Amino acid sequence: MTDRPILLFPDPRLRAVAEPVGEVTEEVRAVAEEMLRIMYAAPGRGLAGPQIGEMRRIFVMDCTWKDGTPDPRVMLDPEIVSASETLVTREEGCLSLPGFTLGLQRPEEVVLRYTDLDGTRREESFTGFAATCVQHERDHLDGVLCIDRIDPEIREAIAPLLASLGQK
Ligand code: NI
């Protein structure tokens, strides 16, 4: 089967809340592999289920492959269990908003609880770009996009631009 295309803003599926994955079956592993293929081909460093119309709580990421050290990761039913008070601003892009990058402030460090492809529940701390990526992808599972995290005044200023994207 051909890999699914990446959905672009303002596709309504990007705004839906994804369902839990639950048990890790062969079918779930196949979805994870498909998502990694799509992410690398894009090329991107993170992809969440809803971005391909897969409405389950799954995301994949690889923050270092573009630097020559691939580290494919798959997170199922992820929850952020703690976040640092220290915030950091990083440029974020999104495969569903091609051509956009936004400087967004988010916690510098987060602890993520997730299920891995073996079905084991894990807890892992992320810092640096990986922490930003985890938060961005986790947001997708609740229908939240990076453009929702911008300062409301800036959001208003770029509203016409977002609306023009919607008309394409
Ligand atoms: Ni995104």
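The values are calculated or read from the model by the stated rules, or taken from the named source; none is laboratory data. What you are looking at is a predicted structure, and each value in this text was computed from that prediction instead of being measured. A quick note on method: Cβ atoms are made from the backbone with ideal geometry, for glycine too, and the neighbour counts reach across all protein chains shown. In case anyone asks, the SASA skips ligands and DNA or RNA and just uses the protein heavy atoms, side chains included. Shrake-Rupley method; radii C 1.70, N 1.55, O 1.52, S 1.80 Å.
Assorted remarks:
- If the condition is being farther than 18 Å from Asp116 by Cα, at pLDDT 95 or above and exposed (fewer than 13 other Cβ atoms within 10 Å of the Cβ), then region 2-36 contributes Asp3, Pro5, Pro12, Val17.
- Answer from Gly166, Gly103 - the residue that is open to solvent by less than 50 Å² (accessible area, probe 1.4 Å) and over 18 Å from Asp11 (Cα atoms): Gly103
- Of all residues in region 42-75, those satisfying the criterion of being open to solvent by 20 Å² or more (accessible area, probe 1.4 Å), within 14 Å of the ligand (Cβ to nearest atom) and of a type in the set (A, V, I, L, M, F, W, C) are Ala42, Cys63.
- Region 2-17, residues that are touching a Leu at 6+ places or on another chain (Cβ under 9 Å) and within 25 Å of Gly99 (Cβ to Cβ): Ile6, Leu7, Leu8, Phe9, Pro10, Arg13, Leu14, Arg15
- Taken across region 141-161, residues that are touching a strand residue (DSSP E or B) at 6+ places or on another chain (Cβ under 7 Å) and more than 16 Å from the ligand (Cβ to nearest atom) do not occur at all.
- Some residue of region 21-35 being charged (D, E, K, R), out of contact with any Pro (no Cβ under 9 Å at 6 or more places or on another chain), in contact (Cβ under 8 Å) with a residue 40 or more places away in the chain and outside any loop (DSSP other than H, G, I, E, B): yes
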